[in-house]
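The values are calculated or read from the model by the stated rules, or taken from the named source; none is laboratory data. Keep in mind the model is a prediction, meaning the values are calculated, not measured. In this analysis, Cβ positions are derived from the backbone assuming ideal geometry, glycine residues included, and neighbour counts consider all displayed protein chains.
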Amino acid sequence: METMDDYKDELEASFRRINEGDIISGTVIDVNEEEVTLDLKYYAQGIIKVADLSNDPDFNVLEQVHKGDVIEATVVQKDDGAGNIVLSKKEANDILAWDKLKQMMEGETTVKVRIQESVPSGVVTYLEGIRAFIPASQITLDYVEDTDAWIGKEIEVRVITVDAEKEKLVPLYDSLKENEKLNITYYYDVYDPKLWYLEVFSSVASKEQGVRYLRENYGFDFVTAFGDNTNDLPMFKAADKRVAVKNACKEVLECCDEMTGTNEEDGVAEYLMKTFERN
């Protein structure tokens, strides 16, 4: 039962000014396969099209949105021609979800997610509508070689890093990764995990192809490769001996034949000097 204070609050809310770009909240009053309707305590109702609810490809509006739910969304259009305010939860998520993810990280919260796709050196899922990367070394206690086998599986995870800047490269990665003429590698800087790299180059120009070219054109029968990050893994497969610097990423350390000093200790030069001294 509403009190006079409740009525006063609703009356004041109905006179507030709403502008495009504002993030507002409303209560779900109707859900169907095409859209969700919100009560905004305003003279107009809010409408969110299903396509504007989530980036998660596994999202199901009838299963995940219910009457009475409170949703925060961005105002996209003040009037759709039928007297409704058009909203986007996806746009609001791009701002609000990062705060929620940071809270999960700080609170060491465990959540269940479904793996959506396999990418170089790991898998992808979605959390709070945000694309999330799980390195192959973090899926189980052991390094996972066949990440494709994990697609569709549900696992429990904790957020260990949150980086909104990294997401700026994701649309470009998604648009290029299916191009068979290109080799795409997307990975974090092992020396500074806050930095991410998107390498784009011809499918016939890679470290792995370089090793094969040396064999075929110069007759080298033994190739030693040095690596520190996931973009070196294909090259490792083509080499006879794989040497990792001591501060390489876990995936490289787990598949190397030998380890040398860190990059700051001139590990590669140290290994070469010792090798040539022996020979």
**OP:** Filter the helices (runs of 4 or more DSSP H) completely within segment 189-258 down to those with at least 2 residues that are over 26 Å from VAL162 (Cα atoms) and at pLDDT 85 or above.
**Re:** 207-218, 233-238
Original post:
How many residues are touching a Pro at 6+ places or on another chain (Cβ under 8 Å) and either basic (Lys, Arg) or surrounded by 19 or more Cβ atoms within 10 Å (Cβ to Cβ) (or both) when one looks only at segment 92-125?
Top reply: 2
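Strands (runs of 3 or more DSSP E) wholly in segment 61-125 with at least 3 residues that are within 19 Å of VAL159 (Cβ to Cβ) and out of contact with any Lys or Arg (no Cβ under 7 Å at 6 or more places or on another chain) - which ones? Walk me through it before giving the result.
Details: elements: 70-77, 85-88, 110-114, 117-119.
Here the list reads 110-114.
Could you tell me whether SER137 is modelled with pLDDT of 70 or more, closer than 16 Å to LYS250 by Cβ and either part of a loop (DSSP other than H, G, I, E, B) or of a type in the set (Gly, Ala, Ser) (or both)?
Numbers: modelled with pLDDT of 70 or more: yes; closer than 16 Å to LYS250 by Cβ: yes; either part of a loop (DSSP other than H, G, I, E, B) or of a type in the set (Gly, Ala, Ser) (or both): yes.
Here the answer is yes, as SER137 does meet what is asked.
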